[in-house]
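In what follows, a structure is listed as structure tokens, so that the remarks can point back to it.
The values are calculated or read from the model by the stated rules, or taken from the named source; none is laboratory data. Note that the structure is predicted; figures quoted are calculated from it, not measured. Cβ atoms come from the backbone with ideal geometry, glycine included; neighbour counts cover every protein chain shown. Ligands, DNA and RNA are stripped out before the accessible areas are found, and what is left, the full protein with its side chains, is counted by its heavy atoms. Shrake-Rupley method; radii C 1.70, N 1.55, O 1.52, S 1.80 Å.
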Amino acid sequence: MGLNSISQRLSLPKDPNFVSPSFSRNYCSVKNSDGGNGEWTEEIEYLDESGSVIYSGKGVRSVEPGVDDHVMVGGIKKPFLNASAVAKIVEVVKRWKWGPELETQLDKLQFVPTMTHITQALKVVKDSDACLSLFRWARRQPWYLPNDECYAMLFDGLNQNRDFDGIQLLFDEMVGDSSNNGISSFTAYNRVIQYLAKAEKLEVSFCCFKKVQDSGCKIDVQTYNSLITLFLNKGLPYKAFEIYGSMEAAGCLLDGSTYELMIPSLAKSGRLDAAFKLFQEMKERNFRPGFSVFSSLVDSMGKAGRLDTSMKVYMEMQGYGLRSSATMYASLIESYVKAGKLDAALRLWDEMKKAGFRPNFGLYTLIVESHAKSGKLDIAMSAFKDMEKAGFLPTPSTYSCLLEMHAATGQVDSAMKLYNSMTNAGLRPGLSTYTALLTLLANKKLVDVAAKILLEMKAMGYSVDVSASDVLMVYIKDGSVDLALRWLRFMGSAGIRTNNFIIRQLFESCMKNGLYESAKPLLETYVSSAAKVDLILYTSILAHLVRCQEEENEKHLMSILSATKHRAHSFMCGLFTGPEQRKQPVLSFVREFFQSIDYELEEGAARYFVNVLLNYLVLMGQINRARCVWKVAYENKLFPKAIVFDQHIAWSLDVRNLSVGAALIAVAHTLHRFRKRMLYYGAVPRRIKLVTGPTLKIVVAQMLSSVESPFEVSKVVLRAPGDSVMEWFKKPIVQQFLLNEIPSRSDILLHKLNTLFPSSAPEIRSLSPPKPLIARRAM
């Protein structure tokens, strides 16, 4: 209606202070004097732009926004239709979009909206910003009530616009609404979590999930599955398992796609029982397991050593009509190989090839090496040849494994073929490969071939000193002294050095085999390399001299003894010189030498030296010198338990641990001591025992029988009553015998007795197997 037209048709006073009642705006809510609603009394004409009357009648009265819920058409009260209200709200929102102007226009609506109007309007308005503006205006109104459907639509709009910050903000507002009004927003809650999970908002979605859980709202199956899928895809299986635990507690079940993700994740994380339980549950719920489920279970069960279960799942997969992949075959074969079940692995290997799959490089390597290490060289070599035909170049590890196993079984030809194949392929053999091959060639006594391989090894850049020494040690232990010397010469010509220990071992082997001319240069090398000849080594050379029967060899041995430069040799030389040259008596000279020995370190060696030295002195007829050596050795407690005085009951001498020469000297010297005690001091024991053992019994008995001794021979002891021995001691021949004035017959016994003397004391070392101590030539 035009305001000018109305003013022209109404006759109004000109007084500006006059106010007509008809110009006061009359609202529906205003009451008249009768208490009823005010009514229009004027006729209202509605004109068009040209001034023509469109309609004439009583007007529609104005409404007070937010108070009236109807309009008055004349005197008739008419309520607002929901469709009209929604349309009006939509019209305002679409026109003003957002901001204070929108809120002003909404405040001026000529009706009181409800949440139903707002919800319906949101369905029509598609713009998410406009929807949010309308919703936030509604939240400030006294008639507002939280509405799950309303929130859900808002979240849908924000999700379409990918406004996840807005979703998070609105979610927090929704949580506040729900807690203040005690209303649960089940659909909206779950929709938020699903949208965030699908958008891969890991932390935000899980935070919302925990808030919803804490609020006590129920979470649906789809939400659980979305979260589990998100965490599994992000490589966080343990967080997914935590959510799955909450899901189980809530009585929810996985869907088919989540089963497909959950079971492989559980299997790969090692939770095999849980994975297998879900696998069984999946089948019970009539979900068809996919290949990924079967593959993960077969692989994980096999790697965990649960081969029966792995094979059961594999067979079940075939029952579902699924075809195994090359990866699954490889996993199964690897599991059976690692478990040592090579026959089963070989069956799967054949099945794989029949299925048309081509084994990869790793699988060929596994089959070859596993069968080689288990000693099944025929199968290993067959697979090795197939590997080469398939175009795969074996690794040095595969070559080494085959070569070393052939070497261990003594197959020289096969080992050399593999070695040549390896080098021709441009591969560098490892140190263990060279060592195995050299050991094989050494054991087979192929010196020239071993020398060639060693030089090739050196050309490869390896340090060959240790390997060459190992070969040398093989020859020494095998007793092939000639080959050992030949190999040592090769080492010298090639500039390869060995260590002093091996030089000493080879020297001792040469001594043992009588190769004294070869032994001396070795000893000189040993001494010149700053190695110290110890008392044991010197004594062992002296033992060879004791056993020597050829004059030429004696000269070599004397030369070798001199080459040791040991102080014991100076002592030996001084022992055989006269007192004028020594400038001191024999006994003092011997005592001085034995005082220079460090008994804490060399007690055993000194005992060994005394035994061999007394052998030598007896055979050389140096009885007085021998008695001096024995006396000093006893004084220094090298044989502390040899002589025992048991008061007047029994006196005994134990010579079981002595050499033949030492035993003879010990018996003569000790009987001389017994004689002095009995004759000069009158101490007579009941009996006297000479404990000889079975080996020395004959030698000692023969020596004493020459002077008609009263000692009776038993198994291991020579014994006699003390009185009989007393009478025997009184005989002049016995006195002469014990004072070393030995008659000719006894002289022959002591000087010409040719006995196989022991080469060493048993507690120190043994260069030769023990031999019975027998007298070859007696009196």
Give the accessible area for Phe576 in Å² (nearest 10); use a 1.4 Å probe, count only protein heavy atoms, and leave out ligands, DNA and RNA. 80
Dipole size in debye (nearest 20) for the range 578-672 around its Cα centre, Lys and Arg Cβ +1, Asp and Glu Cβ -1? 300
If you take the square roots of the eigenvalues of the alpha-carbon gyration tensor of the range 192-250 and sort them as a ≥ b ≥ c, do you get rounded (a/c under 1.5), prolate (a/b over b/c) or oblate? oblate
Gap in Å between the Cα centre of the range 288-311 and the Cα centre of the range 403-476? 44
Take the alpha carbon atoms of the range 186-330, find their radius of gyration, then divide it by 2.2 N^0.38 Å using N residues; give the quotient. 1.12
Straight-line reach from Lys555: which lysines have a Cα under 21 Å away, not including same-chain ones fewer than 8 places off? Lys512, Lys520, Lys565, Lys752
Ranked output for segments 218-225, 292-299 by mean other Cβ atoms within 10 Å, highest leading, reads 292-299, 218-225
Name the long-range amide H neighbours of Lys731: under 5 Å, sequence gap of 5 or more, or other chain; modelled H, no Pro or chain starts. none
Quick tally, 1.4 Å probe accessible area for Arg288, Arg625, sorted with the most first, runs Arg288, Arg625
Take the Cβ-Cβ distance between Lys452 and Tyr599 as r, set R0 to 45 Å, and report the resulting FRET efficiency rounded to the nearest 0.05. 0.30
Those lysines that a straight Cα-Cα span of less than 20 Å connects to Lys198, excepting residues fewer than 8 apart in one chain: Lys210, Lys211, Lys218, Lys234, Lys239
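How much length is gained on full extension from Asp482 to Met620, taking 0.36 nm per residue of separation minus their Cα-Cα distance?
Length difference between fully extended and current span is 46.4 nm.
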Run the 1.4 Å probe and let me know the accessible area of Arg673, rounded to the nearest 10 Å². 80
When a/c reaches 1.5 or more, the comparison of a/b and b/c decides; with that in mind, is the range 547-701 rounded, prolate or oblate per its Cα gyration tensor? prolate
Entries of Lys303/Lys354; Lys452/Lys477; Lys376/Lys417; Lys341/Lys444 with Cα pairs more than 27 Å apart: Lys341/Lys444
Using a 1.4 angstrom probe on the protein heavy atoms only, line up Glu600, Glu316 by accessible area, largest first. Glu600, Glu316
How much accessible surface area, in Å² rounded to 10, belongs to the heavy atoms of Arg486 with a 1.4 Å probe? 100
Calculate, for the range 460-503, the solvent-accessible area per residue in square angstrom, rolling a 1.4 angstrom probe over the heavy atoms of the protein chains. 49
Would you mind working out the magnitude of the charge dipole of the range 279-366 relative to its Cα centre, with +1 at each Lys and Arg C-beta and -1 at each Asp and Glu C-beta, to the nearest 20 Debye? 120
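Give me the percent of accessible area attributable to carbon and sulfur for the range 610-725, probe 1.4 angstrom. Don't jump to the answer; show the numbers that get you there.
Working: 2400 of 4920 Å².
Carbon plus sulfur share of accessible area: 49 percent.
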At most 14 other Cβ atoms within 10 Å and a DSSP loop assignment: could you name the trypsin sites (Lys or Arg not before Pro) in the range 267-312 that fit? Arg285
Averaged per residue, what accessible surface does the range 382-448 expose to a 1.4 Å probe, in Å²? 45
Could you rank the peptides 698-706, 536-544 by their average count of other C-beta atoms within 10 Å per residue, with the highest value first? 536-544, 698-706
Heavy-atom accessible area per residue of the range 533-575, all protein chains kept, 1.4 Å probe, expressed in Å², is 40
Can you give me the Cα centroid spacing of the range 335-378 and the range 498-572 in angstrom? 57
Net charge near Ser295: determine it from the other residues with C-beta under 13 Å of the C-beta of Ser295, scoring Lys and Arg +1 and Asp and Glu -1. 0
Distance from the range 699-740 to the range 650-684 (C-alpha centre basis), Å: 10
